[in-house]
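Each remark here refers to the structure printed beneath this line.
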Amino acid sequence: MSDRMRWRYGDTCPVLAPVESATEIEIGDFVWLDGSAAKPASALTWTTNAATTQGAFQTKFLGVAMQKSRSGDTTPIRVATRGVFEYECVASTFVIGNYAAPDVSVNKLENQKLIKVSSSTGAIGRVIRHYNASTTTVLFDIWSNVVQGGV
């Protein structure tokens, strides 16, 4: 997915996260902390099923990339640990407070797509707008588990 600024409003409480030279991160990617380096959601190793993998991601969720890191770059990137963002999602109706987690595609997490989940397990944020009809984009408030303590 190409770089896309998905932040809409609110304090982002950014951190500067180191990135390994072989890691590529796009603006808007969900990122997690692997030891001391940021990586995109798709780089997390698949574990058993979607719910288990989303749960593993949630525990290491750092935030949303606000800067790009190309292969070969080693400069730390700014990562938002809070704020309201707009993402594509699996078509669904949403009410304020619904939980959202990274969607899954072919046994890996999506870097920039959400799915509604029924509980806080695996969630990286909560929906902040009511959608009466099925929608394919959603506004949600992220919560970094690493910095903010999670959903």
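A few remarks follow.
- Residue list for the stretch 92-125, restricted to those being under 22 Å from S2 (Cβ atoms), surrounded by fewer than 23 Cβ atoms within 10 Å (Cβ to Cβ) and of a type in the set (A, V, I, L, M, F, W, C): V104, V106, I115
- The stretch 25-49, residues that are in a loop (DSSP other than H, G, I, E, B), of a type in the set (V, I, T) and at pLDDT 95 or above: I27, T45
- Consider the stretch 1-58 and keep the residues that are of a type in the set (S, T, Y) and closer than 15 Å to R70 by Cβ. The one that is surrounded by the most Cβ atoms within 10 Å (Cβ to Cβ) is T23.
- Residues of the stretch 122-151 classified as of a type outside the set (S, T, Y) and part of a loop (DSSP other than H, G, I, E, B), total: 14
- For the stretch 96-121, the tally of residues that are assigned to a loop (DSSP other than H, G, I, E, B) and within 20 Å of G28 (Cβ to Cβ) stands at 2.
The values are calculated or read from the model by the stated rules, or taken from the named source; none is laboratory data. This one's a predicted model, so the numbers in the text were calculated from it and none came from an experiment. Counting neighbours? That spans all protein chains shown, and the Cβs are built from the backbone with ideal geometry, glycine included.
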